[in-house]
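Okay, structure first, notes after.
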Amino acid sequence: MGERDRDSPSDFARQLVALLPRLRRFGAGLTGSLDAADELVQGACERALRAPERFTPGTRLDSWMFRIMQNIWIDQRRARGRAGPTTSEPDALAALIGEDGRRVTEASLTLERVWAAMDALSEDQRAVLVAVCVEGLSYAEAAEMLAVPPGTVMSRLFRARQSLGAALGLAGAKLGGEGGD
């Protein structure tokens, strides 16, 4: 191996760097906090870079990384117990919306309620909700990422949407998607 080969980043590392924005968004959806999302992404990247041989070439790197992140997040939640809702960062999250005044305030308040409702979901429901509704993965892609059948994804997503609707006072409103138990 020449010196140039040794100094250039691997294709694996380049692909991982390209995924960082999506990983951060997925982490923010799981944790409800940009700081916690960054820590989650860092932990997942460290884990992946320590053992890149565990990734199967020809499969989806994003699904593999999302699964690592989900496992770390679940481990962290279990370790600290259900100590209550994670703190969201309304100023930072509202800045992502990009509006001022009344709409930002209303959006921030709504976002707080959504984060609290999402925090009340089971880990399985929240992971499916973030994978499908935030990351835009198909049911099949989410099923592959979570290592569950597509029907389980549909069922968990349906229950998550129903729980969110009830928590937000939207019972009876169509929250999208089909499914059931």
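Things worth noting here:
- Annotation: peptides 114-120, 126-132, ranked by per-residue average of other Cβ atoms within 10 Å with the highest first, follow the order 126-132, 114-120.
- Remark: spin-label model distance E123-S138 equals 2.9 nm, labels positioned 7 Å along the Cα→Cβ axis.
- Using θ = phi - 60° and Karplus 6.51 cos²θ - 1.76 cosθ + 1.60, couplings along segment 59-65 (whole Hz; Gly, Pro as x): 9, 7, 5, 5, 4, 4, 5
- Peptide packing: for 53-60, 25-32, the average count of neighbouring Cβ atoms within 10 Å per residue gives the ranking 25-32, 53-60, highest mean first.
- Under the Karplus curve 6.51 cos²θ - 1.76 cosθ + 1.60, θ = phi - 60°, whole-Hz ³J(HN,Hα) for segment 28-41, x wherever Gly or Pro sits: 5, x, 6, 8, x, 8, 5, 5, 5, 5, 4, 5, 5, 4
- ³J(HN,Hα) computed for each position of segment 144-150 - Karplus, 6.51 cos²θ - 1.76 cosθ + 1.60, integer Hz, glycine/proline x: 5, 4, 8, 6, 9, x, x
Read-outs: derived from the displayed coordinates by stated rules, not from any lab. None of these values were measured; they are calculated from a predicted model. Neighbour counts are summed over all protein chains in view; Cβ atoms, including those assigned to glycine, are modelled from backbone coordinates with ideal geometry.
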